[in-house]
1. Would you be so kind as to identify which of Thr158, Pro365, Leu244 lies farthest towards the positive end of the dipole of the chain, taking Lys and Arg as +1 and Asp and Glu as -1 on Cβ and the Cα centre as origin?
2. Taking the Cα centre of the stretch 58-150 as origin, work out the dipole magnitude from +1 charges on Lys and Arg Cβ and -1 charges on Asp and Glu Cβ, in debye rounded to 20.
3. Which angle from 0 to 90°, rounded to the nearest 10, does the C-alpha axis of helix 181-198 make with the longest principal axis of the chain?
4. Percent antiparallel among DSSP beta bridges with both residues in the chain, to the nearest 5?
5. Pairs Lys293/Lys351; Lys110/Lys351; Lys110/Lys293: which are spaced more than 23 Å apart, C-alpha to C-alpha?
6. Efficiency by 1/(1 + (r/R0)^6): what FRET value for Glu300 and Ser62, r their Cβ-Cβ distance, R0 = 30 Å, to the nearest 0.05?
7. To the nearest 10 degrees, how steep is helix 263-272 against the longest Cα principal axis of the chain, on a 0 to 90 scale?
8. Roughly speaking, what is the centre-to-centre gap between the stretch 279-300 and the stretch 331-386 when only Cα atoms are used, to the nearest Å?
Amino acid sequence: MKITDIQASVVGRNVPDSGGSTWTFVRVYTDAGLYGTGECNSAGPIWSRMATKEIVMGRYRSLLLGQDPLDIGPLWERLRRDGRYSGGSTAPMTFALTGIENALWDIAGKHYRAPVYRLLGGAFRQRIRLYADCHAGHDNSPAAYAEKAREVLAEGYTAVKFDVDGMAPGKHDRYNYTLSARELDHVVKVIAGVRDAIGPENDLAIDCHGQFDLPSAISLAHAVEDLRLMWLEEPLPAENVDALAELRAKTSTVICTGENQYTRYGFRELLERRAADIIMPDLAKAGGILEGKRIAELAEIHYVPVAPHNVSSPLGMMAACHVCAAIPNFLILEFHGRGIAWWGDLCQGDKPFIREGYMAVADAPGLGIELDRDAARELLMTGDTLFE
Ligand code: MG
């Protein structure tokens, strides 16, 4: 079997209710009549969205044409090494690599007539537990957060996540990462209010988006220790692993990070320095399906659970589910599409994709899910075409 063409399309921008999300889909065609579709993250600024597509259809396409799509490992490594001396390990290159790798697994599964999780060694679980990423809207009051949490739990979820960065009154300077006393007080009241609303039987994660400095992060982590968070996410920016390790050593609050780390190489230092209790690789941008499993294995030998970050379409989320099924140390997967009414329309498959806070891993060959061509075409990013 030989790769005959590779195409990429960007879906989602400027569509009402998309929350600004865009998804890049990569399609790999073969001379055997099989094709595979993969997804990668493209939620960044405009240059990042189109850069990912340009990388897929430019340099990477030229390297892959004529190759055997079943050589996933060697092809992945060839692409990863290709641009190492020209910024090849930077985010858009790794995003592109991720989308292509996902499509190759879809082809492999279709070729061997097996779901991807079987090719990864089999499933530890068939249903993937989800947490709902929640936004209380423009009302930053503890009551609004508690109300939103109750609303989401009524849909069957057993875990929720809320953002607390940039929400509180009392900010004196938008560039300064110090939590004022007033701001810290408000954030703690919001978190305590949600915990009170959902009770101890449901799980609560809090995302800080890397927008606090070290003393503020330590104060916040200490202040919420009794609230038994599932995790406190990115209380510090992702760049300084030593600062994160210092924070983690000083608090019993569970610290989670990793949505801005890529490949095994990005997670090695995080794990070896004991800088996170939980890691959260984004499987649509960290390097691919097999790389996600490798990252999880690296975490496993440090006894660290994996709770992947996820803002994907149903297709990218299903790819993540295959990884989550195939690793022992899976904790929970993010679901970011709750507020997007047409999220499930983007793909064909066993709908609804989300039931009672779980997503079932598809048993059909490959990823077991296909883009809905009509829906995808209708939701294309302005000016783009669907797999021309
Ligand atoms: Mg986050």
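1. Most positive-ward Cα: Pro365.
2. Working: 14 positive and 9 negative charges, 53 e Å.
For this selection, approximately 260 debye.
3. So the helix axis and the longest Cα principal axis differ by about 70 degrees.
4. Values: 23 of 45 bridges.
Given both bridge residues lie in the chain, the antiparallel proportion sits at roughly 50 percent.
5. Values: Lys293/Lys351 26 Å; Lys110/Lys351 21 Å; Lys110/Lys293 20 Å.
Over 23 Å Cα-Cα: Lys293/Lys351.
6. About 0.25, to the nearest 0.05.
7. In the chain, helix 263-272 runs at an angle near 30 degrees to the longest axis.
8. Cα centres, the stretch 279-300 to the stretch 331-386: 21 Å.
No value in this document is a laboratory result; all are computed from the given coordinates. The model shown is predicted, which means the values in this text are computed figures rather than measured ones. Methodologically, a virtual Cβ is constructed for each residue, glycine included, from the backbone with ideal geometry; neighbour enumeration extends over all protein chains shown.
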